[in-house]
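Q: Have a look at this one.
Nothing in this text is a laboratory measurement; each read-out follows from the coordinates by a stated rule. Quantities reported herein were computed from a predicted structural model and do not represent experimental measurements. Here Cβ is always computed from backbone atoms with ideal geometry, including for glycine, and neighbour counts include all displayed protein chains.
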Ligand SMILES: *Cc1c(COP(=O)(O)O)cnc(C)c1O
């Protein structure tokens with residue numbers, strides 16, 4: 001008999017009832033150090049007092065009105081994002097997938113309005129993840145996501161990761177955009193080297209192609225900059241944000257230059273909940289905190305300390321891990337084929353530490369950006385236990 005909850009997830013037998021900072025508690029008294037943060041969502045940990053304050057203050061005033069009316073919270077948060085980034089304008093969504101949908105629409109409409117309606121092709125890369133809508137799975141093209149769901153939205157060109165010749169060959173008069181994660185998350189914490197991001201920017205400029213960066217997972221302070229592309233010293237035309245931007249409240253955003261957004265006029269896009277007052281209150285508070293230089297300097301300091309300790313962990317367990325990779329607090333531990341990321345994650349549950357598996361046999365560490373030094377040490381001790389345990393025949 002089918003479960004009452006549609007069984008699309010193979011869920012771990014863990015049932016958390018409370019969270020505090022980087023800790024998750026179960027009803028029966030279990031305590032887990034959370035190095036997954038709900039897959040890079042709980043940027044300020046669980047039950048952050050500042051976010052609770054912002055959400056509850058707004059909850060007492062107004063939850064929802066509709067985008068038929070002015071929403072001052074949108075103007076406030078959009079202004080902060082515009083001030084802090086390359087963007088001139090922002091559309092708020094409830095999720096990363098919705099941000100992907102708008103990014104795709106925006107890129108095609110841009111060329112359409114410029115008199116080039118044939119420019120519809122969007123180039124993406126193997127291992128990418130942009131969400132689970134019909135458009136977003138077509139963008140990815142990965143068999144495990146698309147099989148059985150056709151016909152897929154046409155117009156996506158899937159290229160191997162890091163193959164420059166394939167990229168040059170794929171660009172043609174119908175290319176509308178290149179859509180890429182500066183650091184692949186689901187794909188296994190695979191950073192695009194700064195040089196490659198620069199190369200993509202140049203290629204786009206040369207051919208009048210829009211560069212869409214999917215920073216749903218790697219943005220909002222995760223890498224030690226507010227946006228990951230800042231490390232490469234380039235800017236996109238369109239950027240997708242979500243996950244960390246709401247700190248656990250469902251929130252996403254598309255940031256764009258005035259030029260790239262020029263096709264998106266009245267009536268071309270909409271959302272019932274996107275930009276609702278509750279999300280805006282939380283997002284504004286979160287950006288105030290995460291966007292500050294002091295906060296980001298702390299992320300970088302902690303990332304450096306954690307990275308050093310993880311290099312030690314990998315060196316101490318060469319039979320479990322191959323390498324550690326990533327940027328800032330977006331870290332991947334690549335496991336040996338005999339171990340498997342899934343087994344390590346399970347051993348972590350036994351050791352009271354939460355990590356997240358990804359493709360390419362990688363275990364993801366995506367802790368709260370404000371994780372304490374003490375919790376980093378405790379996390380390492382628990383990862384150490386998991387690494388020891390995963391080798392023992394069960
Ligand atoms: C999670 C994710 C998405 C999809 O976001 P949802 O909020 O789950 O719709 C898109 N792109 C990337 C890079 C992601 O990590």
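Q: Is the range 157-211 rounded, prolate or oblate when judged by the Cα gyration tensor, a ≥ b ≥ c being the square roots of its eigenvalues, rounded requiring a/c under 1.5 and prolate requiring a/b larger than b/c? Please list the in-between numbers first.
A: On the way: a/c = 1.88, a/b = 1.61, b/c = 1.17.
Verdict is prolate for the range 157-211.
Q: Please report the antiparallel percentage of DSSP beta bridges with both residues in the range 13-162, rounded to the nearest 5.
A: On the way: 8 of 12 bridges.
Percentage antiparallel, nearest 5: 65.
Q: Using only the Cα atoms of the range 75-137, build the gyration tensor, take square roots of its eigenvalues as a ≥ b ≥ c, and label the shape rounded, prolate or oblate: rounded if a/c is under 1.5, else prolate if a/b is larger than b/c, else oblate.
A: Values: a/c = 2.15, a/b = 1.26, b/c = 1.71.
Oblate, since a/c reaches 1.5 and b/c is not below a/b.
Q: What does the helix-only formula give at 222 nm for the chain: each DSSP H stretch with n ≥ 4 adding -39500 (n - 2.57), the total divided by the residues, and the result rounded to the nearest 500 deg cm²/dmol? Each step should come with its number before you reach the end.
A: On the way: 12 runs with 144 residues, N = 394.
Calculated mean residue ellipticity at 222 nm is -11500 deg cm²/dmol.
Q: Here's something else I'd like to know. What residue among 268, 175, 323 shows peak mean-square fluctuation when the chain is described by a Gaussian network model with Cα springs under 10 Å?
A: Of 268, 175, 323, the Gaussian network model singles out 268 as fluctuating most.
Q: Related question: Identify which of 362, 146, 282 has the largest mean-square fluctuation in a Gaussian network model of the chain, with springs joining Cα atoms closer than 10 Å.
A: Of 362, 146, 282, the Gaussian network model singles out 146 as fluctuating most.
Q: Would you look at the GNM of the chain, springs on alpha carbons closer than 10 Å, and say which of 81, 68, 329 moves the most?
A: Residue with maximal mean-square fluctuation among 81, 68, 329: 68.
Q: Now for a different question. In whole angstrom, how far apart do the alpha carbon centroids of the range 114-151 and the range 239-311 sit?
A: Spelled out, the Cα-based centre of one part sits 23 Å from the other.
Q: I would also like to ask the following. Of all DSSP beta bridges in the range 194-344, what percent run antiparallel (nearest 5)?
A: On the way: 10 of 14 bridges.
Bridges in the range 194-344 are about 70 percent antiparallel.
Q: So, one more: When 168, 325 are ordered from fewest to most other Cβ atoms inside 10 Å of their Cβ, what list results? Spell out each step's value before the answer.
A: Details: 168 9, 325 19.
Ascending Cβ contact count within 10 Å gives the list 168, 325.
Q: Something else about it: Based on DSSP, what percent of beta bridges with both residues in the chain are antiparallel, to the nearest 5?
A: The antiparallel proportion sits near 65 percent.
Q: When N is the residue count of the range 262-386, what does its C-alpha Rg come to as a fraction of 2.2 N^0.38 Å? Intermediate results must be reported in sequence, preceding the final value.
A: On the way: Rg = 18.7 Å, N = 125, 2.2 N^0.38 = 13.8 Å.
Here the Cα radius of gyration is 1.36 times the empirical estimate.
Q: Here is a further query. Given axes a ≥ b ≥ c from the Cα gyration tensor, I'd like to know whether the range 13-169 is rounded (a/c under 1.5), prolate (a/b larger than b/c) or oblate. Numbers along the way, then the final one.
A: Details: a/c = 2.35, a/b = 1.39, b/c = 1.69.
Cα axes put the range 13-169 in the oblate bin.
Q: Report the Cα centroid-to-centroid distance between the range 1-50 and the range 192-208 in angstrom, as an integer.
A: Value for the Cα centre distance between the two parts: 38 Å.
Q: Given the chain, what whole percent of its Cα pairs are spread farther than 36 Å?
A: Numbers: 18140 of 77421 pairs.
Everything past 36 Å amounts to 23 percent.
Q: Could you tell me the relative contact order of the chain? Use alpha-carbon pairs under 8 Å, at least six residues apart, and round to a whole percent. Each step should come with its number before you reach the end.
A: Numbers: 780 pairs, mean separation 91.4, N = 394.
This gives 23 percent for the chain.
Q: Can you give the percent of C-alpha pairs in the range 1-97 whose distance is more than 16 Å?
A: Values: 3450 of 4656 pairs.
Within the range 1-97, distances greater than 16 Å cover 74 percent of Cα pairs.
Q: Moving to a separate point now. Compute the helix-to-body angle for 49-59: its Cα long axis versus the longest principal axis of the chain, expressed 0 to 90° and rounded to tens.
A: 50 degrees
Q: Next question, about the same structure. Measuring from the lowest to the highest alpha carbon on each principal axis, how far does the range 186-299 reach, largest first, in angstroms?
A: Sorted from largest, the Cα extents of the range 186-299 read 42, 41, 27 Å.
Q: Determine, for 258, 230, 350, the number of other Cβ atoms within 10 Å of each Cβ, and report the residues in order from fewest to most.
A: Details: 258 9, 230 17, 350 13.
Ranking 258, 230, 350 by Cβ neighbours within 10 Å, fewest first, gives 258, 350, 230.
Q: Quick one: order 354, 234 by neighbouring beta-carbon count within 10 Å, fewest to most.
A: Values: 354 25, 234 20.
With the sparsest Cβ surroundings first, the list reads 234, 354.
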